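What follows is a set of notes on a single structure, which appears directly below.
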Amino acid sequence: MSEIITPEWLRSRGFRICSTDADIRPHMVIVFGKAHESALEVSNSLLRGWTVWARSDIAHSRCRFIYLRTVERTDQMERLCLGLTDELLPHVDFDRERFREDWELESSECKRRYAEYCKDGRLGHIPG
């Protein structure tokens, strides 16, 4: 049965937190292949659902992401991954309490880092 995607669901399917300095919201990634040649990166969309990018860590830094689509439900993410990789998402055991703590910390750290990034004049303003 399809449900709304949550950070916990993503973690249970193999995604890991992977935010950077300029991310205002936590990002998560799942890597396919041993050489990190392909991955999916997601973040909570500004409107609703999760924005999904194809990512390649062996590509040039300016072209390593391609926007794919925005998904809201677990079956959409499952079909997207299956269509791209011919593999089902794994089921992963994880410490739910620890993940909730990590997610909350990463959410506040993203806001803090983004504010610092904007102060340096690289972006101009902080949305939201």
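The values are calculated or read from the model by the stated rules, or taken from the named source; none is laboratory data. Everything numeric here is computed off the predicted structure, so don't read it as measured data. Reconstructed Cβ throughout: ideal geometry from the backbone, glycine too, with neighbour counts over all protein chains shown. Areas reflect the complete protein model, heavy atoms only, side chains present, ligands, DNA and RNA absent. Shrake-Rupley method; radii C 1.70, N 1.55, O 1.52, S 1.80 Å.
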Given the conditions (1) modelled with pLDDT under 90; (2) surrounded by 14 or more Cβ atoms within 10 Å (Cβ to Cβ), every one holds for residue 60 apart from (2)
The number of residues in region 14-49 that are at pLDDT 85 or above, over 11 Å from the mean Cα position of the chain (by Cα) and closer than 20 Å to residue 107 by Cβ is 3
When every residue in region 79-97 that is part of a helix (DSSP H, G or I) and touching a residue at least 12 places away in the same chain (Cβ under 8 Å) is compared, the one nearest to residue 13 (Cα to Cα) is 81
Taking region 1-38 and keeping only residues that are within 23 Å of residue 95 (Cβ to Cβ), assigned to a strand (DSSP E or B) and among the hydrophobic types (A, V, I, L, M, F, W, C), one is left with 4, 17, 28, 29, 30, 31
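Restricting to region 77-102, name every residue that is in contact with a strand residue (DSSP E or B) (Cβ under 8 Å, 6 or more places away or on another chain) and open to solvent by 40 Å² or more (accessible area, probe 1.4 Å).
If we filter region 77-102 for residues that are in contact with a strand residue (DSSP E or B) (Cβ under 8 Å, 6 or more places away or on another chain), which is where we start, we get 77, 80-81, 84-85, 87, 89, 102.
84, 87, 102 - these are the residues of region 77-102 that are in contact with a strand residue (DSSP E or B) (Cβ under 8 Å, 6 or more places away or on another chain) and open to solvent by 40 Å² or more (accessible area, probe 1.4 Å).
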Might you check whether a residue that is at pLDDT 95 or above, closer than 20 Å to residue 11 by Cα and part of a helix (DSSP H, G or I) occurs anywhere in region 105-115? no
